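Peer 1: The structure's right below; bear with me while I get my questions together.
Any read-out appearing in this document is the output of simple, stated calculations on the displayed coordinates, not a laboratory observation. This one's a predicted model, so the numbers in the text were calculated from it and none came from an experiment. Cβ coordinates were reconstructed from backbone atoms using ideal geometry, including for glycine residues, and neighbour counts include every protein chain displayed.
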Amino acid sequence: MKNYGIKPSLALNPATPIEDILPYLAEVDQILLMTVPTGFAGQAFRKETLEKLCELKNILAQRNLHPLIEVDGNINTQTISWMKEVMPDIFVLGTSALFQGGDANSYQERIRTVRQAVNAYKSDF
């Protein structure tokens, strides 16, 4: 796949154990960690996924692997603050952070607010 310019990725649902993806870690460029079960917008962030994120980052560090870590599912300024110790590389913003009605200016303001939250925590590193 990589010979054709394809960047392999894995997606990990909250209920899927990290052990299920361990054999593939050296082969992927990106790992998407879902922080809610897939299928329905507006679900509550699963705090147990914070432990999974920490465990995943530790395993990757031990193996000297550097795929991008992406999180998706009820990502907003509050949930970003919960991840400040194990900051992922990419946040997927959707219903909880952006699409709550309003015009283009309010979307831009929400993006700006989230970006400020991320930058505040990234500066701690």
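Peer 1: Report Rg (one decimal) and Dmax (nearest whole number) for the chain, counting Cα atoms only, units Å.
Peer 2: Both quantities, over Cα of the chain: 15.3, 46 Å.
Peer 1: Something else now. For Asn64 and Phe40, compute 0.36 nm times the residue count separating them, minus their Cα-Cα distance, and round to one decimal in nm.
Peer 2: 5.1 nm
Peer 1: Taking K and R as +1 and D and E as -1, what net charge do the other residues with C-beta under 15 Å from the C-beta of Asn76 add up to?
Peer 2: +4
Peer 1: Same structure again: With labels modelled as points extended 7 Å from the Cα through the Cβ direction, what inter-label distance (nm, one decimal) is found for Glu48 paired with Glu19?
Peer 2: 1.5
Peer 1: Along Cα→Cβ, 7 Å out, is where each label goes; now give me the distance between the ones at Lys7 and Glu27 in nm to one decimal.
Peer 2: Placing both labels 7 Å beyond Cα along the Cβ direction yields 1.9 nm.
Peer 1: Let me ask another. Which residue, Leu22, Pro37, Val118, has the largest displacement toward the positive end of the dipole of region 2-122 when charges sit on each Cβ (Lys, Arg +1; Asp, Glu -1)?
Peer 2: So the residue we want is Val118.
Peer 1: Mind giving me the nanometre distance, one decimal, between the label points for Lys84 and Ser106, set 7 Å out from Cα along Cα→Cβ?
Peer 2: Taking the simple label geometry, Lys84 and Ser106 are separated by 2.8 nm.
Peer 1: Now, a different point. With a cut-off of 13 Å, note down the residues of region 8-47 whose backbone N falls inside the zone around a label point 7 Å from the Cα of Glu55 toward its beta carbon.
Peer 2: Under 13 Å, as judged by backbone N against the label point of Glu55, lie 13-22 of region 8-47.
Peer 1: For the chain, what is the mean residue ellipticity at 222 nm derived from helices alone (per DSSP H run of n ≥ 4: -39500 (n - 2.57); sum divided by total residues; nearest 500 deg cm²/dmol)?
Peer 2: So the helix-based figure for the chain works out to -10000 deg cm²/dmol.
Peer 1: Now for a different question. List the lysines whose Cα lies under 29 Å from the Cα of Lys84, skipping any in the same chain that are fewer than 8 positions away.
Peer 2: List returned: Lys7, Lys47, Lys52, Lys57, Lys122.
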